[in-house]
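The next block holds one structure in the form of structure tokens; read it before the comments.
The values are calculated or read from the model by the stated rules, or taken from the named source; none is laboratory data. This structure is a prediction, so every number in the text was calculated from the model and none was measured. Neighbour counts are summed over all protein chains in view; Cβ atoms, including those assigned to glycine, are modelled from backbone coordinates with ideal geometry. The protein model used for the area step is the full one, side chains on, heavy atoms only, and it has no ligands, DNA or RNA in it. Shrake-Rupley method; radii C 1.70, N 1.55, O 1.52, S 1.80 Å.
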Amino acid sequence: MILILSQPPMAEPVTLPEFKNHLRIDHALEDTLLSSLISTAREYLEKRTGLALMDQQWRLCLDEWPEDRCIQIQKPPIRSIDEVQQFGIDGQPNIVAQSNMLLDGKSSPARLFVGPQLSPGQMMNGIEITFTAGYTSASEVPDALKRAILIHAACLYEFRGVVAPDMQPAAVPNGYDALISQWVRRRI
């Protein structure tokens with residue numbers, strides 16, 4: 001099972017003016033840096049939680065259909081299944097009819113039930129599921145997650161001269177884990 005980001009989010013859950021207000025900055029000299037820190041903090045939070053915070057498109061690649069016909073998608077919240085393709089032995093894709101699928105996008109992980117299908121002809125990554133995940137607007141993102149982004153980006157801003165950009169995130173601020181705890185995936 002492979003997850004590939006096809007289309008990154010076009011917006012951030014925290015705006016530049018919100019972040020500048022949080023830092024009490026009233027000039028535009030560092031707007032590019034501040035925007036990149038917001039993106040870095042969002043990406044880190046998405047990796048820690050498995051969530052897709054803002055509207056983005058993903059591709060899930062599978063080798064075979066599961067026996068129980070239930071595919072778990074670990075990128076909540078799932079808004080829609082855009083397309084399901086199964087590749088034949090010749091490498092040509094065949095579209096699986098949407099009427100043969102049922103999505104439970106509210107559960108975590110999301111579940112996609114697919115009717116009986118033939119095995120793909122391609123041995124590896126013979127099935128591709130393209131889906132849209134994330135919230136449609138920043139107002140839908142839980143406040144605790146936005147607060148986590150704000151305090152993490154502020155921490156990154158504080159360490160901006162000490163740690164090289166490719167070494168970020170340098171630190172996670174106190175209280176960050178408590179803010180995101182209910183969304184963190186736990187494995188047993």
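Out of segment 96-133, which residues are within 29 Å of residue 185 (Cα to Cα) and in a loop (DSSP other than H, G, I, E, B)?
Residues satisfying the conditions are 105, 106, 107, 108, 109, 115, 124, 125, 126.
Across segment 6-17, which residue is least open to solvent (accessible area, probe 1.4 Å) among those that are in contact with a strand residue (DSSP E or B) (Cβ under 9 Å, 6 or more places away or on another chain) and of a type outside the set (Gly, Ala, Ser)?
Among residues in segment 6-17 that are in contact with a strand residue (DSSP E or B) (Cβ under 9 Å, 6 or more places away or on another chain) and of a type outside the set (Gly, Ala, Ser), the one least open to solvent (accessible area, probe 1.4 Å) is 13.
Only one residue in 45, 34, 3 is touching a Leu at 6+ places or on another chain (Cβ under 7 Å), touching a residue at least 40 places away in the same chain (Cβ under 8 Å) and outside any helix (DSSP H, G or I). Which one?
Exactly one of 45, 34, 3 is touching a Leu at 6+ places or on another chain (Cβ under 7 Å), touching a residue at least 40 places away in the same chain (Cβ under 8 Å) and outside any helix (DSSP H, G or I), namely 3.
Do you know which residues across segment 18-30 are part of a helix (DSSP H, G or I) and surrounded by 14 or more Cβ atoms within 10 Å (Cβ to Cβ)?
Within segment 18-30, 18, 19, 20, 22, 23 meet the criteria.
Could you check, for segment 74-95, whether at least one of its residues is in a loop (DSSP other than H, G, I, E, B), surrounded by 20 or more Cβ atoms within 10 Å (Cβ to Cβ) and at pLDDT 95 or above?
Within segment 74-95, none of the residues are in a loop (DSSP other than H, G, I, E, B), surrounded by 20 or more Cβ atoms within 10 Å (Cβ to Cβ) and at pLDDT 95 or above.
Just to be sure before I move on: is residue 105 modelled with pLDDT under 90, surrounded by fewer than 16 Cβ atoms within 10 Å (Cβ to Cβ) and not charged (D, E, K, R) in the structure I sent?
For residue 105, the condition - modelled with pLDDT under 90, surrounded by fewer than 16 Cβ atoms within 10 Å (Cβ to Cβ) and not charged (D, E, K, R) - is not met.
Based on this model, can you work out whether residue 65 counts as at pLDDT 95 or above and under 13 Å from residue 128 (Cβ atoms)?
No; evaluated as a whole, the condition is false for this residue.
Which ones in segment 60-73 are open to solvent by less than 70 Å² (accessible area, probe 1.4 Å), part of a strand (DSSP E or B) and not β-branched (Val, Ile, Thr)?
60, 61, 62, 70
Based on what the data block shows, is residue 3 open to solvent by 50 Å² or more (accessible area, probe 1.4 Å) and more than 28 Å from residue 109 (Cα to Cα)?
Answer is no for this residue.
Pick from segment 108-128 the residues that are touching a Gly at 6+ places or on another chain (Cβ under 9 Å) and within 15 Å of residue 63 (Cα to Cα): which of them is modelled with the highest pLDDT?
Result: 126.
How many residues are among the aromatic types (Phe, Trp, Tyr) and surrounded by fewer than 19 Cβ atoms within 10 Å (Cβ to Cβ) if we restrict to segment 108-141?
The number of residues fulfilling the criteria is 1.
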